[in-house]
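Engineer: Input: one structure, supplied below.
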Amino acid sequence: MGIQSVASSFYHKKWDQVSDIVAKDVLNLLIEARPEIDENLENSLRFVKEENFILSFVHSSIISGKDVFKVVKSKNIAIYFTVVSYVRLSDTVPDDASIRQLTGKYKNDVLVCNATFSRILNPLGVWKITAINFFRQ
């Protein structure tokens with residue numbers, strides 16, 4: 001999962017591990033932001049593991065294009081998906097917690113991750129993370 005890979009690389013400062021899945025400008029932003037994160041967020045990143053993902057959903061999707069009626073033009077159409085994930089930071093958060101609970105009762109016990117994945121559709125390109133953030137509520 002892209003979010004998990006980026007969180008691990010961000011935590012351990014292993015930038016080469018995600019350079020293939022993260023857009024170059026996003027990677028540069030992550031590198032710049034890393035020294036500034038607070039200890040609370042830094043500790044939370046350790047929990048971004050597959051078994052701690054409680055809930056993930058596609059928040060938005062869009063197909064974007066420039067000169068879309070010129071289908072012979074290369075790299076003018078792309079698709080974007082923004083995924084929101086809630087990551088458990090404490091065993092007190094049950095596997096079946098609802099969004100209402102994750103943003104209410106358990107809001108101090110989860111890390112929220114937003115990632116936008118995109119790819120060029122003509123010709124079909126590779127998926128890249130073009131935006132990502134991690135935050136505590």
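The values are calculated or read from the model by the stated rules, or taken from the named source; none is laboratory data. Only a predicted model underlies this, so the values are computations on that prediction, with no experimental measurement involved. Here the Cβ is made from the backbone with ideal geometry for all residues, glycine too, and neighbour counts use every protein chain on show.
Engineer: Residues F135, F53: which one is within 25 Å of K13 (Cβ to Cβ) and surrounded by fewer than 17 Cβ atoms within 10 Å (Cβ to Cβ)?
Structural biologist: Only one candidate qualifies: F135.
Engineer: Search the stretch 8-24 for residues being part of a helix (DSSP H, G or I) and touching a residue at least 24 places away in the same chain (Cβ under 8 Å), and hand back the single one that is farthest from the chain's Cα centre (by Cα).
Structural biologist: Y11
Yes or no, residue by residue, for (1) over 30 Å from D25 (Cα atoms); (2) surrounded by 17 or more Cβ atoms within 10 Å (Cβ to Cβ); (3) β-branched (V, I, T):
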{"residue": "S74", "(1), (2), (3)": "no, no, no"}
{"residue": "A78", "(1), (2), (3)": "no, yes, no"}
{"residue": "R88", "(1), (2), (3)": "no, yes, no"}
{"residue": "D91", "(1), (2), (3)": "yes, no, no"}
{"residue": "P94", "(1), (2), (3)": "yes, no, no"}
{"residue": "A97", "(1), (2), (3)": "yes, yes, no"}
{"residue": "K105", "(1), (2), (3)": "yes, no, no"}
{"residue": "S118", "(1), (2), (3)": "no, yes, no"}
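Engineer: Kindly indicate whether any position in the stretch 126-136 is part of a loop (DSSP other than H, G, I, E, B) and at negative phi. Let's see the steps before the verdict.
Structural biologist: The initial filter retains those residues of the stretch 126-136 that are part of a loop (DSSP other than H, G, I, E, B), namely 126-127.
From what is left, the residues that are at negative phi are 126-127.
For the stretch 126-136, residues part of a loop (DSSP other than H, G, I, E, B) and at negative phi: present.
Engineer: So, of the residues in the stretch 21-46 that are in contact with a helix residue (DSSP H, G or I) (Cβ under 9 Å, 6 or more places away or on another chain), hydrophobic (A, V, I, L, M, F, W, C) and under 24 Å from D109 (Cβ atoms), which turns out to be surrounded by the most Cβ atoms within 10 Å (Cβ to Cβ)?
Structural biologist: L45
Engineer: Next up: Of the conditions (1) at pLDDT 90 or above; (2) not in a strand (DSSP E or B), S56 clears all except one; give me its number.
Structural biologist: (2)
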